[in-house]
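A.B. asks: Let me give you the structure first, and then I'll get to my questions.
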């Protein structure tokens with residue numbers, strides 16, 4: 001484990017902070033790192049009443065195009081990952097869920113960022129009013145798990161949290177079928 005010796009925050013924004021940090025490494029050497037500090041997030045794979053899953057296609061300015069994803073967002077101060085997943089499901093997809101179950105999680109980009117994304121599965125959905133943020137453009141894309149996995153294989157679903165959630169869901173389905 002490394003020990004942070006010093007931290008100089010060079011940018012502090014609404015979504016993340018960027019810091020230059022001096023760390024004492026496990027072997028005693030000193031090293032400097034540029035690190036993006038993020039509060040973490042939650043993402044949720046909704047299962048519709050007919051058994052299909054609901055993906056979204058969201059415009060992402062970072063890549064300049066629409067991308068397949070599962071509803072997701074940043075943890076607000078004092079908000080649990082479970083609460084965040086439920087909130088994002090309503091905001092981005094227009095559904096509330098009677099069941100929100102953990103599917104694991106992932107470090108998004110450990111080479112320079114400390115963002116951890118909690119993954120969830122949402123079942124027993126009820127249609128509610130979608131509540132998009134002013135800068136969000138989202139299309140709803142219901143499909144079967146097989147169709148989604150084919151999109152992963154065809155390089156149409158490139159978002160890592162979505163790929164992992166689909167894999168974890170497929171594993172859960174396989175375990176329950178045995």
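A.B. asks: Pick out which of 49, 134, 142 has the largest mean-square fluctuation in a Gaussian network model of the chain, springs linking Cα atoms closer than 10 Å.
C.D. replies: Looking only at 49, 134, 142, the biggest GNM fluctuation is shown by 134.
A.B. asks: Of [x] 1.00; [y] 1.03; [z] 1.18, which is the value of Rg/Rh (Cα atoms, Kirkwood Rh) derived from the coordinates here?
C.D. replies: Derived directly from the coordinates: [y].
A.B. asks: In a Gaussian network model over the chain where Cα atoms closer than 10 Å are linked, find which of 145, 127, 101 has the largest mean-square fluctuation.
C.D. replies: 127
A.B. asks: With labels modelled as points extended 7 Å from the Cα through the Cβ direction, what inter-label distance (nm, one decimal) is found for residue 52 paired with residue 156?
C.D. replies: Taking the simple label geometry, residue 52 and residue 156 are separated by 1.3 nm.
A.B. asks: At residue 60 and residue 14, where each label point lies 7 Å from the Cα along Cα→Cβ, what is the point-to-point distance in nanometres?
C.D. replies: Each label point is offset 7 Å from its Cα along the Cβ direction, giving 1.9 nm.
A.B. asks: I'd like the orientation of helix 160-177 relative to the chain: the angle between its Cα long axis and the longest Cα principal axis, in ° from 0 to 90, rounded to 10.
C.D. replies: For helix 160-177, the angle is close to 50 degrees.
A.B. asks: Please give, to one decimal in nm, the separation of the simple spin-label points placed at residue 126 and residue 99, each 7 Å out from Cα toward the Cβ.
C.D. replies: 1.7 nm
A.B. asks: Let me ask something else about it. Can you tell me the length gained on complete extension of the stretch residue 170 to residue 135, counting 0.36 nm per residue apart and subtracting the Cα distance?
C.D. replies: So the extension gain works out to 9.4 nm.
A.B. asks: Run the helix sum for the chain: -39,500 (n - 2.57) per DSSP H stretch of 4+ residues, divided by residue count, reported at 222 nm to the nearest 500 deg cm²/dmol.
C.D. replies: -6000 deg cm²/dmol
A.B. asks: For the range 26-111, calculate the relative contact order in percent as a whole number, restricting contacts to Cα pairs under 8 Å that are 6 or more residues apart.
C.D. replies: 24 percent
Every number here is computed from the coordinates shown, using simple stated rules; none is lab data. All of these numbers come straight from a predicted model, not from anything done at the bench. Positions of Cβ are generated from backbone atoms using ideal geometry, with glycine treated the same way; all protein chains shown enter the neighbour counts.
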